[in-house]
Amino acid sequence: MADPNPHKLKLAHFLVMFIHLCAALPFIYLSILLLIHAETTGGLLVGAGTLLLIIFTFSMWLPVLFRFNKKTMIPDSILLFSGIACFTASYFMSPTGSSTNTGFSQKFHGQTHFSRAGITNIVPEIDQLKLGTYVFRYLPVGIDEKQMNRLRTLVLDVYHELIKEENFKNAGSALGMCYEDIFLGKRSTLHFYEYVPRQLKKDKYPVMIFLHGSLGNFIGYTWVLKKVADTAGVAIVSPTYGCGNWYLDPECMTIGETFEYCRANKEFDMENAYLACLSNGGTGLTREIMLHGGKYKGFIIVSAVLEENIYNSSEFLSNIKSKPVLILQGEKDDRIPLDNIREFESVISESLVTSRYFPEEDHFLMFSKRNEMAEIISKWFGNISEKKQ
C-alpha cells in the first residue's frame, strides 16, 4: 500500500490543530481574564495553570508539524509540571467545605457532595462572579455595560466583607450546580446554606427559607441575610435550585424537601416559618403559596418575578389572605416593571402588606441597600412578634 500523501497529511494535521485551537479559545479567554482581574491568589493560580497547560497541549503539535522532538522535551516538561503545580497550589488554598462556626454550615442531600477539587471551589466565588460581569457583556442577559459595572462593584463590596469570615470563606460555592443546570439540565440535588444565630441562645428559632434568583445560590445572599438573623433571631435556610428557574419545579419539590428538613430540626420553630425570595425566586414562592401557602407565617418579596396567572388564582389568594407580606422593590428596576409589583400589591390587598419602594434603586437592591434592607426585614419580624404577644 502506498504511503499517504505527505502534503495531505500535513494539511490534515493543521486542520485538527485549528479545531483544537477553536475548542481552546474560551478557556484561553477566561484564563487571561482571571490573570488580569482575579481578586484572589487561588484565582490567579488557576488562570496561570490553565494557560500553561493549554500551551503545553499546543506544544505537542510541534514534533508532528515540524519534525523535531528532543528540542521540545525540556520546555514541554516545564510547562506541564508548572501547570500542575499551579492547580495543586490552588487546591490547597481552596475551601475545605467544613466550618468551625456552630451557626453557619452547608448541607447536601442526595447524590452530590462537596468537592474541594471542583473548579467552582478552586476558583473562589468572588472571582467567578467578577469574571461573569465581564463575560455577560457579550450575552443577552438584559444588563447594559453601566449596570454591569455597578453590579461588579456591589458584588466585590459584599464579598470583600465575606472572605474575612473564615467560616463563610471555607464553605465553598454552589455555583457548580448552576453550571450543571445550564449545560446538563441537572438541578435535582438538594443543597442549602444554613445560618442559625445560636449566640442568641434561644430555645427555638423562627425560620426564613430564602429562594435565590437567576444564576445560582450566591453565598453572598446568606451573608447579607446573616444580619437579619443576628438582629431578629431567625434562622436562615437558603436552598439551591440550579440556576434559579424555580418555575421548572411546578410541584415545588425542592422547597418542600427544604421545609421537611427544617421541620425535622428541633431547633426550628415551624409555627413561625417564613418564605422569602429574590428575583426569579418569586416564581417558586408564588407557586409554593398557591400549593402549600397555609403552612407559612408570612412572606418576603425582594425584586421578585411575579406571574399574573399564578397570583390571580383562587388558591393563591386564599392561602395568602390575612398573612403578613413584606415587599421590597427598586423603582428603577428595568427587569421587574414597577407597575407589575404595584398591581400584585393591589391584588393581595386582603393580606397584611408592608411595602418599601426605593426610588433610585434597580434590580440589585439586595446588595446595594443590604444594610437598610436587613434593618427593614428585622423590624418587620419584630412587629410580627409584638402583635403575636
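Quick notes on this structure:
A quick yes/no check of all residues on (1) modelled with pLDDT under 95; (2) outside the structural domain of Val302 (by TED's automatic domain parsing); (3) surrounded by fewer than 15 Cβ atoms within 10 Å (Cβ to Cβ):
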position: Gln128; (1), (2), (3): no, no, no
position: Phe136; (1), (2), (3): yes, no, no
position: Pro140; (1), (2), (3): yes, no, yes
position: Met177; (1), (2), (3): yes, no, no
position: Glu180; (1), (2), (3): yes, no, no
position: Glu194; (1), (2), (3): no, no, no
position: Leu200; (1), (2), (3): no, no, yes
position: Phe218; (1), (2), (3): no, no, no
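- Contacts under 8 angstrom Cβ, first residue in segment 72-91 being over 17 Å from Leu45 (Cβ atoms), partner of a type outside the set (D, E, K, R) and crowded, with 16+ Cβ neighbours inside 10 Å, 6 or more apart: Asp76/Phe56
- Filter result (in contact with a strand residue (DSSP E or B) (Cβ under 7 Å, 6 or more places away or on another chain) and aromatic (Phe, Trp, Tyr)) within segment 215-255: Tyr221, Trp246
- Any hit, segment 246-254, residues being farther than 21 Å from Phe381 by Cβ, charged (D, E, K, R) and touching a helix residue (DSSP H, G or I) at 6+ places or on another chain (Cβ under 8 Å): yes
- Considering Ile310, Ile341, the condition of being in contact with a strand residue (DSSP E or B) (Cβ under 9 Å, 6 or more places away or on another chain) and under 22 Å from Met208 (Cβ atoms) is satisfied by Ile341 alone.
- Some residue of segment 237-249 being at pLDDT below 95, surrounded by fewer than 18 Cβ atoms within 10 Å (Cβ to Cβ) and hydroxyl-bearing (Ser, Thr, Tyr): no
- Qualifying residue in segment 227-236 (condition: at pLDDT 95 or above, under 18 Å from Arg187 (Cα atoms) and either surrounded by fewer than 24 Cβ atoms within 10 Å (Cβ to Cβ) or not aliphatic (A, V, I, L, M) (or both)): no
- Pairing each residue of segment 307-336 that is closer than 18 Å to Val353 by Cα with any residue that is at pLDDT below 95 and loosely packed, with under 13 Cβ neighbours inside 10 Å, provided the two are 6+ apart or on different chains, yields C-beta distances under 6 Å for Lys321/Glu350.
- Filtering segment 266-279 for residues that are out of contact with any Phe, Trp or Tyr (no Cβ under 9 Å at 6 or more places or on another chain), within 23 Å of Ala229 (Cα to Cα), in a helix (DSSP H, G or I) and of a type in the set (Lys, Arg) leaves an empty set.
- Residues that are over 16 Å from Leu34 (Cβ atoms) and assigned to a helix (DSSP H, G or I) occur at least once in segment 86-100.
- Only one of Ser94, Ser99 that is at pLDDT below 90, within 30 Å of Ala229 (Cα to Cα) and either not β-branched (Val, Ile, Thr) or not assigned by TED's automatic domain parsing to the domain that holds Glu125 (or both): Ser99
- Scope segment 243-265; condition among the polar types (S, T, N, Q), assigned to a helix (DSSP H, G or I) and farther than 21 Å from Arg198 by Cα; matching residues: Thr254
The values are calculated or read from the model by the stated rules, or taken from the named source; none is laboratory data. No experiment lies behind these values; they were computed from the predicted model shown. Ideal geometry is used to build each Cβ from the backbone, glycine not excepted, and the neighbour counts take in all protein chains shown.
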